[in-house]
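The values are calculated or read from the model by the stated rules, or taken from the named source; none is laboratory data. The structure presented is a predicted model; accordingly, all values stated were derived computationally and were not measured. As a convention, Cβ positions derive from the backbone with ideal geometry for all residues, glycine included, and neighbour counts pool all protein chains shown. Protein only, heavy atoms only, side chains kept; ligands, DNA and RNA dropped before computing areas. Shrake-Rupley method; radii C 1.70, N 1.55, O 1.52, S 1.80 Å.
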Amino acid sequence: MKAQLLILADGRFPSGGHAHSGGLEAAVVRKRVSDLDSLRRFLIGRLYTSGLVGAAFAAAACADPGSMDGIDEELDARTPSPALRLASRRQGRSLWRAAAVVWPGPHVTKAGAVRKGLHQPVALGVVAEAAGCTPGESAAISAYHAVSGPASAAVRLLGLDPYQVHGLIAALGDDIDRVAQAATEAARGPAADLPAASSPLLDVSAEDHAAWEVRLFAS
Amino acid sequence: MHPDDHGHEHGPDETPHTHPHPDVDPHAPLAESGTGQRAVRIGIGGPVGSGKTALVAALCRAMADDLRLAVVTNDIYTTEDADFLLRNGVLPAERIRAVETGCCPHTAIRDDISANLDAIEELEDSLGPLDVILVESGGDNLTATFSKGLIDKQIFVVDVAGGDKVPRKGGPGVTAADLLVINKTDLAPLVGADLAVMDRDATARRGALPTVFLSLVEDPSAKPVQEWIRGLM
Ligand SMILES: Nc1nc2c(ncn2[C@@H]2O[C@H](COP(=O)(O)OP(=O)(O)OP(=O)(O)O)[C@@H](O)[C@H]2O)c(=O)[nH]1
Ligand SMILES: [Mg+2]
């Protein structure tokens, strides 16, 4: 068992994620998600689109952290929403802050020079490598977070039963594994060929959300 | 994990990994605390509506002329407090940042402080050296306190309208804050709060740590708090 992997995957690891709902707040306020069933559909949609892309980029950055800049540029090209670019880079910066103390090393130091932050999945891959994780493990953490982040936001925003929500996450376990596996395989090729699955509604509603006067989550 | 806590034996076949270097500091300026190299960071916490934003506004008005100030707010609903400060023109907009907290200001000021550190870093990058940064937490509860990784000193603001039992109830904010402010003393007669009781209980809970009474209505320059802050510099 790899303790470092568990530390990095733990939702309590202080990497800024608690302030982000992964698009769930916008979906709740626009009445697209209101209960367990609609949450389930939201999570599956997110997992197989931006979740897959994030996991592949995390695996790629973990396999070759020295190429973080080029990999980051490729992910920028796959992130059309300025609000999501900002949210992703902020979370990448937050993760770096924690890693600079917990798992310092040359690549983590280099990531710190990017003041606006690397995209979150790229930062995750770089940090995971410093922690001694494999690309496959990086992809698994990223795919899991693609689901667990919005799920915990749903507990706060909708007051859903936390046991049932975790039952839902557990029931998606095979999907999370499948996405992580596909992401790891995709990351073996050149960065330009990494997956580019998109979720236009998440992009559009992220822009909408960023303009609200009253909101609970940063994204 | 604290850099000092990682000591362990290395097994022969473990995965190669790195350890925190004791000299690494992710928020490097903190190391220069007290040397005049960087701003003193002051956290302002306390229950909902106790007067934290009103105190921040008063301090800005009273100190902006001779000190380089900036403010970070942590609100439950994004920018309410920052908007109040902007509307009242206590500081130019570029000196105020609002941090979004995902429903939980106490998480953002204690357990996962990265967004606040980002906001401070951005303020220092864009404004140059500062003397004082005030970090307001959104009103939370009596247990919400700031991480020492985020701030140097913390002020806990309670008000007499919450009842004269509040200091007696204790909690880490009341017992451990570097300064306890008991605000809205002008309301004491109206709510039947006994200031002498609050003073006695605060002393019992806090030992030698200072407590000040304040009414921002009667003392809009928050004189005792201002003096305490100036004393830190
Ligand atoms: N009478 C009286 N009212 C005060 C005093 N200080 C603040 N207030 C009022 O108390 C109300 C709440 O003050 P805020 O400064 O918004 O309180 P807060 O602690 O920032 O509130 P949250 O950020 O929502 O937790 C406002 O209407 C203030 O005008 C005081 O000394 N006396
Ligand atoms: Mg306030």
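Below are the figures for this structure:
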{"read-out": "Top-ranked residue in the stretch A:3-43 [being away from chain B (no Cβ under 14 Å) and open to solvent by less than 50 Å² (accessible area, probe 1.4 Å); ranked as farthest from residue A:150 (Cα to Cα)]", "value": "A:9"}
{"read-out": "Residue within the stretch A:155-173 that is within 13 Å of chain B (Cβ to nearest Cβ), open to solvent by less than 20 Å² (accessible area, probe 1.4 Å), part of a helix (DSSP H, G or I) and modelled with pLDDT of 95 or more present", "value": "no"}
{"read-out": "Count - residues of the stretch B:84-120 that are more than 12 Å from chain A (Cβ to nearest Cβ) and open to solvent by 30 Å² or more (accessible area, probe 1.4 Å)", "value": "10"}
{"read-out": "Residue check, residue B:91 touching a helix residue (DSSP H, G or I) at 6+ places or on another chain (Cβ under 9 Å) and either assigned to a helix (DSSP H, G or I) or away from ligand 2 (no atom under 16 Å from the Cβ) (or both)", "value": "no"}
{"read-out": "Candidate set: the stretch B:57-76, residues that are within 14 Å of ligand 1 (Cβ to nearest atom) and open to solvent by 30 Å² or more (accessible area, probe 1.4 Å); chosen: the one nearest to the other protein chains (Cβ to nearest Cβ)", "value": "B:76"}
{"read-out": "Per-region count, the stretch A:50-85, residues hydrophobic (A, V, I, L, M, F, W, C), under 21 Å from residue A:212 (Cβ atoms) and more than 13 Å from the chain's Cα centre (by Cα)", "value": "1"}
{"read-out": "Hits in the stretch B:172-222 (condition: open to solvent by 50 Å² or more (accessible area, probe 1.4 Å) and in contact (Cβ under 8 Å) with a residue 40 or more places away in the chain)", "value": "B:184, B:220"}
{"read-out": "Test set (1) over 27 Å from residue A:113 (Cβ atoms); (2) open to solvent by 10 Å² or more (accessible area, probe 1.4 Å); (3) more than 14 Å from ligand 1 (Cβ to nearest atom); (4) away from chain A (no Cβ under 14 Å) - residue B:132 fails condition number", "value": "(2)"}
{"read-out": "Contacts under 8 angstrom Cβ, first residue in the stretch B:78-99 being without any contact (Cβ under 8 Å) to a residue 60 or more places away in the chain, partner of a type in the set (Lys, Arg) and away from ligand 2 (no atom under 13 Å from the Cβ), 6 or more apart", "value": "B:78/A:215; B:82/B:97; B:90/B:61"}
{"read-out": "Helices (runs of 4 or more DSSP H) (entirely within the stretch A:13-88) containing at least 3 residues that are out of contact with any helix residue (DSSP H, G or I) (no Cβ under 7 Å at 6 or more places or on another chain) and farther than 17 Å from residue A:195 by Cα", "value": "A:36-46"}
